[in-house]
Each structure stands twice: as structure tokens, then as C-alpha cells.
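Have a look at the structure below, then the notes.
The values are calculated or read from the model by the stated rules, or taken from the named source; none is laboratory data. All of these numbers come straight from a predicted model, not from anything done at the bench. When we count neighbours, we look across all protein chains shown, and the Cβ atoms used for this are built from the backbone with ideal geometry, even at glycine. Only protein heavy atoms, including side chains, enter the accessible area calculation; ligands, DNA and RNA are left aside. Shrake-Rupley method; radii C 1.70, N 1.55, O 1.52, S 1.80 Å.
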Amino acid sequence: MTPAASALVVDDEVGDLGWLLDIVESRGYGVRLATNEEEARARFLAVSQGREAYVLAVVDVMMAIKDITALAETELDESFFDASRDSGIRVCRYARRELGIPTSTLPIVCLTVRDDDQVRVAMAELEIPLFDRSPSTSSDEFRRVVESHLPPRPGTH
């Protein structure tokens, strides 16, 4: 079982998330990574079955649907990238609607560079905060959003 004192980060661009890992780790939590939709679904299924627990999940709206290192070049066509465009939305729907994981069990925050109503509406329907991670957004804003969803540091009251 994954220690309860860790956060789940779901993103295929982990190299761009040093700031997020720093925030989570500075609060005394470990980080478990899922780098595609398939891995994220497995992690959320494990949560619903009580095999894993996290204090927070941070999900990117647009990520690979599978581990692309295992795919042939011919599989990386337009349909693959079209499906990847909404993979985070599907993962969140899966966690909340299909598996029934409530916010009280696992808070979820979504990150996106997309600026469209489809994403905003989908996250609002799921009652999941959506955060713009475009270059114009300050790292202080990211920090406030993520920290506001993390419980107090482990071992403190």
C-alpha cells in the first residue's frame, strides 16, 4: 500500500513540474507519479479498492493516454493526440463518477494550458478546481492552489 502521506501527480510532462514536486515535498509529503491516462486509472482504481491512499491528486487535463515509449510510430497518429486532449477530464470522471471516489477521500486539482469552456464546464460539473498553468500564471498562484488542498504537514496538528 502506498503511504497515506503522499500526493498523486498525473502528468506526462513531469520535467515541467519541479515546482509542484517542491511544494508537495516541502510540506512533508511524498509523490507518486502516473505519466499517462492508463496509469492514472490504475492508481484511482487502487484508491477505490483501498489498496492505495493519497492526500491529494493533481491531474493534467492533456496527457498521453498510454506509455508512448511502448508504442510504434504508426500508433502516434492524429487520433492518439486527439484522444490525449481530454484524457485528464476522462480520468477525473472515472475517479468521481465510475469509481465514486469522493472529495473527502481524495481531493483532486486539475491543471491545464487549455482555455476553453469544455474544460471549465467538465471540471465544474465534477466540482474539481481547475488551474491555468500557462506561462502567464505566477508560481505563487500555483503554490496557493496546491497548498490550499494539502492537509497540514504530517506529524503536526
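Rounded, prolate or oblate: which fits segment 1-64 when a ≥ b ≥ c are the square roots of the eigenvalues of the alpha-carbon gyration tensor, with rounded for a/c under 1.5 and prolate only if a/b beats b/c? The shape class here is oblate.
Summing +1 for each Lys or Arg and -1 for each Asp or Glu among the other residues whose beta-carbon sits under 14 angstrom from that of ASP116 gives -1. Only protein heavy atoms count here; on that basis, with a 1.4 Å probe, SER48 has an accessible area of about 50 Å².
Taking each residue as 0.36 nm, the span from ARG120 to LEU21 lengthens on full extension beyond its C-alpha to C-alpha distance by 33.2 nm.
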